[in-house]
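Worksheet: the structure to be examined is printed underneath.
The values are calculated or read from the model by the stated rules, or taken from the named source; none is laboratory data. This is a predicted model, so every value here is computed, not measured. Every residue, glycine among them, receives a Cβ derived from its backbone with ideal geometry; neighbour counts consider all protein chains shown. Please note that ligands, DNA and RNA were not included when accessible areas were found on the heavy atoms of the full protein model with its side chains. Shrake-Rupley method; radii C 1.70, N 1.55, O 1.52, S 1.80 Å.
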Amino acid sequence: MNYRGIAAAVLLCSILAISVGCSKQVAKDEMRLYNMKAYEEGSREARISGRGMNGKFLEELQVSFSKVKMPLTNETYAEDEIGNITYQYRINYDASQFITVYVYQDQAAREKGIKEIFGVTEGDANVAGGHNLIISDKETSIVYTSTGDKTDNYYSQVKKIVPALLAKYQGRVSS
């Protein structure tokens, strides 16, 4: 009888310990949901891996450039504290030829941000030894930057590709 009591007590303590441990983990998971941490982590991973809403846009951007023998390589991604996003690519691994996609919260923020960087909101700009072609629509700007002796190697192709892409993807591509 005494062994039954001890066994029952050990079993009860084990069940209680397991349930308390599970409860702490459940509470941590719930807290992450309520403070949006899980959402932010998932959204960031989706944007980086191209599974978010902007994934289709970025995929089509890469396909469009590849079709004209201008593969976009060496992708980098950055997001600021208020959600503005920048994607940058080299064209065919060339460190003097870049495509940069800027996605802002709204059109006014985009105009202000692009003007701060390039001095203009649209068209051609010469900044820091490079020539930049800025093409924008709503919250998004795509900038072709070329430097050195290869300035404007892809200028005419970019002028053909980018406006059509921006027109196809109306509104914030990274929502």
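Among the listed residues Ile114, Ile135, Ile91, identify the single one that is open to solvent by less than 10 Å² (accessible area, probe 1.4 Å) and closer than 16 Å to Leu72 by Cβ.
Answer to the check: Ile91.
Which one of Ser156, Ser146, Ser136 is assigned by the TED database to the domain that holds Glu79 and in contact with a Lys or Arg (Cβ under 8 Å, 6 or more places away or on another chain)?
Ser136
Hey, can you tell me all the residues within the stretch 138-154 that are more than 23 Å from Met70 (Cα to Cα) and surrounded by fewer than 21 Cβ atoms within 10 Å (Cβ to Cβ)?
Of the stretch 138-154, the ones more than 23 Å from Met70 (Cα to Cα) are 138-139.
Matches in the stretch 138-154: Lys138 only.
Collect the residues in the stretch 94-104 that are touching a residue at least 12 places away in the same chain (Cβ under 8 Å) and surrounded by fewer than 17 Cβ atoms within 10 Å (Cβ to Cβ), keeping them in residue-number order. Explain how you work it out, then say what you get.
Here is the first cut: in the stretch 94-104, the residues touching a residue at least 12 places away in the same chain (Cβ under 8 Å) are 94, 96-104.
Ser96 - this is the single residue of the stretch 94-104 that is touching a residue at least 12 places away in the same chain (Cβ under 8 Å) and surrounded by fewer than 17 Cβ atoms within 10 Å (Cβ to Cβ).
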